[in-house]
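First the structure, then my questions, so here it is.
Rule-based calculations on the coordinates, nothing more; no lab input. Only a predicted model underlies this, so the values are computations on that prediction, with no experimental measurement involved. We place every Cβ from the backbone using ideal geometry, glycine too, and count neighbours over all the protein chains shown.
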Amino acid sequence: MADTSEPLNLGLLLFIPYRSMESAVLAHLKAHGHDLPLSQARVFQRIAADGSRLGELAQAAQVSKQTLGSVVDQLERSGYVSRILDPTDARARLVVVTDLGRELVELSVPVVREIETAWQIHLGAARTAELRRTLEALREITDPFAHPKLADSAGFRSPNDSSRRVEDGGR
């Protein structure tokens with residue numbers, strides 16, 4: 001049993017709501033016929049909208065290339081992703097989300113919005129906005145894949161730009 005005399009560390013306090021949202025999304029997917037294991041979901045949500053190389057995806061998902069290869073094989077067998085030649089390097093392959101995989105995203109987005117709405121009702125609009133600003137600021141020093149000032153005048157975004165990741169429904 002946890003010692004309640006010490007406050008929970010911030011990492012755990014950040015993880016608990018994330019885990020709750022993640023569980024709700026996975027339960028919703030399962031109710032719609034998509035029994036996606038947690039290991040697959042955590043890799044899937046890190047795939048860039050225009051595809052990700054295996055090495056980059058392994059790094060983003062914090063798993064070994066061997067583990068990632070196995071998880072991508074499972075996702076591919078389920079029809080959620082496919083591997084294609086990288087148009088910028090014929091020697092490399094990209095993992096891309098299929099139409100069936102995009103269905104997962106489409107099913108997930110309303111659940112995420114519903115949960116965020118419930119959190120805003122609980123916290124209030126001002127505290128929710130402050131929480132978002134605070135977490136975005138914290139992300140600048142904790143997420144090696146975040147590049148907050150990527151959009152140049154031509155509208156270019158890096159493949160690692162989270163606004164384009166599948167988890168955000170980015171296209």
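Treating the beta-carbon of each Lys and Arg as +1 and of each Asp and Glu as -1, no other charges, what is the dipole magnitude of the stretch 76-142 about its Cα centre, to the nearest 20 debye?
Charge dipole, the stretch 76-142, about its Cα centre: 140 debye, nearest 20.
Note the per residue figure in Å³ for the convex hull of the C-alpha positions in the stretch 7-116.
Taking only Cα atoms, the stretch 7-116 has a hull volume of 116 Å³ per residue.
How big is the dipole moment of the stretch 1-95 about its Cα centre under a simple scheme where the beta carbon of each Lys and Arg is +1, that of each Asp and Glu is -1, and everything else is neutral? Debye, nearest 20, please.
Using Cβ point charges on Lys, Arg, Asp and Glu, the stretch 1-95 gives about 280 debye.
Another question, then. Please list, by residue number, everything in the stretch 39-63 whose backbone N is under 11 Å from a paramagnetic label point 7 Å out along Cα→Cβ of Arg83.
Inside the label zone: 54-55.
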